[in-house]
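Derivation of every value follows stated rules applied to the coordinates shown; laboratory data play no part. What you see is a predicted model; the values in this text were computed from it and never measured. Positions of Cβ are generated from backbone atoms using ideal geometry, with glycine treated the same way; all protein chains shown enter the neighbour counts.
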Amino acid sequence: MTIRKTYSLIAIAALLICFAVIFFSKYKERSQKVFIYAEPTQTVYGWGYNIIAADKVHIKQEYMPAVPGKRGFKTATDAMMVGNLVVKKITENKMPTITLHELDSMGLYKDSANH
C-alpha cells in the first residue's frame, strides 16, 4: 500500500469518526427526557394551573378550560386533577385539550347536554 492510500484511509476513517460523534451527540440531545408537571395557581377567577417543562411555564390556565366564560376551579385539588390530566396527555403525545365531558366525568362541571 502506498503512503498516499494510507493517508486517504486515515482521512476517511477520521471523517467517519467525526460524523459518528456528531450523530450520536445529536441523538443523545433528542432522547433526553424533560420533566413536565402541573402546579396549582390562585387566580382572580379562583384556582388554575400551570404546566411546567424544563423549568418554564408552557401552559398557563387561569380558569376551567372548555367552560363558557371564565370560571376558576373551586380548589387547588380540582385544578391539579385537570392539570395532571393535561400532563398525562402531553406525555402520551396527545393534544392537551380538555373537554366538558372530561370535566363532567371528574365531577368538576355538570354537562347539562349529557344529563
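Computed quantities for the displayed model
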| item | result |
| --- | --- |
| Residues MET106, MET64, sorted so that the one with the fewest Cβ neighbours within 10 Å comes first | MET106, MET64 |
| Inter-label distance for TYR45 and THR77, nm, one decimal - labels placed 7 Å from Cα along Cα-to-Cβ | 2.2 nm |
| HIS58-ILE36 pseudo-label distance in nm [points 7 Å out on the Cα-to-Cβ vector] | 0.4 nm |
